[in-house]
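> Quick one: structure below, then a few questions.
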Amino acid sequence: MTRTGNVASWTTYLLLAITVFAWGANYPLMKLAISDMPPLAFTALRLWGASAILMTVLLLSRTRPLLPVAGERLPLAIVGLFQVGAMLGLTIVGMRSVPAGRTVLLVYTMSLWAVPIGSVLLGEKIKLRRLVGVLIGLAGLLVFFNPLAVDWHRAGTVLGSGLILSGSMSWALGSCLYRRRRWVSGFVSQTFWQLLVASAPIAALSLILEHDETVNVTVQLSIIIVYNWVVPTAVAMWCWNRVLSVMAVSTAGQFLLFTPLVGFWLSMVFLNESVSGALIVSAVLIMIGLFVTIRADVAR
C-alpha cells in the first residue's frame with residue numbers, strides 16, 4: 001500500500017475514531033487504576049506489558065530487527081526518557097490530585113509548548129498564526145487556573161497541575177528532539193526501545209518512593225492494565241499507522257484534537273467530575289489554540 005495511491009474512505013475515519021477513543025478513554029481509566037495501585041508502579045507495569053507486545057510483534061515478523069541500529073540507540077533512549085518516561089511519569093503522579101478530565105486538557109497542550117521549543121532546537125520560525133494559536137491556548141490556561149475553575153485549597157492541586165504541565169512540556173521536548181534527525185530504524189523497533197528504556201527510571205523511582213504502598217488487586221485493575229497493554233499501544237498504534245498510509249499527517253493530526261474532548265467528557269460521565277463554566281471556557285480556548293497552531297503548521 002502506498003501513501004499516494006489510496007483515498008481516505010469511511011474505514012479510514014473509523015480507524016481515526018478508534019484511535020481517538022482509545023487514547024482519550026485511557027485518562028479516566030488511569031484515574032481508576034491509581035486508586036488501587038501506586039502510579040509509578042502502574043506506569044512501569046504498563047510500559048513492560050506494551051514492550052512485551054511490541055517485542056512479540058517484531059519477533060514474529062522475522063523481517064525487522066528487535067533493536068534500533070547501533071548509532072540510534074542512545075539518541076532514541078534520550079527521546080524516550082522525555083516523551084515517554086517523563087511525560088507518563090509526571091502525568092500519572094500529578095493525576096493523583098487532579099481530576100482526569102482536567103489532566104487530559106493539560107497534557108494535550110503539548111503542541112503549544114512545541115512552538116517555542118521547536119524555535120530553539122529546530123530553528124523553526126514562529127509565524128504570526130502560530131503565535132496567535134499559542135497565545136489563545138495560554139489564555140485558556142489562565143482561565144483554567146483561575147480560582148473559579150480550580151480549588152486551590154485542595155491538597156496537591158498546585159503541585160499536581162505543575163507536574164502534568166511539566167509532563168506535557170517533556171513530551172514537546174522529546175518530540176522536537178526526535179525531529180532533529182532522520183531515523184533509519186523501523187518505527188516498531190524505535191517504539192519498543194523507547195518504552196523499554198523509559199520503564200527503567202520509572203521502576204527505580206517506584207521502588208524508592210512507593211515501596212511502602214500496597215496494591216489492591218481487583219478485576220477492574222486487571223482489565224485496565226490489559227487495556228493499557230493492548231488497546232492504546234497495539235491496536236491504536238496500528239490504526240494510526242494505517243490512517244497515515246492514506247491521509248496526510250497534518251490532516252490526521254487535526255482529528256487528534258478530539259482526544260482531550262473524549263477524555264474530558266468520559267471523566268464527567270463515569271467519574272462524576274464537576275465542570276464549571278470557567279472550565280468549559282478554558283477547554284474551548286485551549287482547543288482553539290491547538291487548532292490554530294496545527295493549521296499554521298499545515299499552511300507552512
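> For region 177-248, which helices (runs of 4 or more DSSP H) that fit wholly inside it have 3 or more residues that are without any contact (Cβ under 8 Å) to a residue 60 or more places away in the chain and within 23 Å of Leu40 (Cβ to Cβ)?
Those helices (runs of 4 or more DSSP H) span 187-209, 219-229.
> Out of the residues in region 170-201 meeting the condition of being among the hydrophobic types (A, V, I, L, M, F, W, C) and within 23 Å of Leu106 (Cβ to Cβ), tell me which one is surrounded by the fewest Cβ atoms within 10 Å (Cβ to Cβ).
For region 170-201, the residue satisfying everything is Leu177.
> Any idea which of Arg73, Arg96 is out of contact with any Lys or Arg (no Cβ under 6 Å at 6 or more places or on another chain) and at pLDDT below 95?
Arg96
> State which residue is farthest from Thr19 (Cα to Cα) when the search covers only region 259-282 and only residues that are among the hydroxyl-bearing types (Ser, Thr, Tyr) and assigned to a helix (DSSP H, G or I).
Taking region 259-282 as the starting set, the residues that turn out to be among the hydroxyl-bearing types (Ser, Thr, Tyr) are 259, 267, 274, 276, 282.
Okay, now just the ones that are also assigned to a helix (DSSP H, G or I), so 259, 267, 282.
Numbers: Thr259: 9, Ser267: 18, Ser282: 24 Å.
Looking at the filtered set, the residue picked out is Ser282.
Residue by residue, here is whether (1) of a type outside the set (Gly, Ala, Ser); (2) modelled with pLDDT under 90; (3) surrounded by 15 or more Cβ atoms within 10 Å (Cβ to Cβ) holds:
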position: Leu205; (1), (2), (3): yes, no, yes
position: Ile224; (1), (2), (3): yes, no, yes
position: Ala234; (1), (2), (3): no, yes, yes
position: Arg242; (1), (2), (3): yes, yes, yes
position: Phe270; (1), (2), (3): yes, yes, no
position: Gly277; (1), (2), (3): no, yes, no
position: Ile280; (1), (2), (3): yes, yes, no
position: Leu290; (1), (2), (3): yes, yes, yes
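The values are calculated or read from the model by the stated rules, or taken from the named source; none is laboratory data. Just so it is clear, the model here is predicted, and its values are computed rather than measured. Don't worry about glycine lacking a Cβ; one is built from the backbone with ideal geometry, like all the others, and counts go over all protein chains shown.
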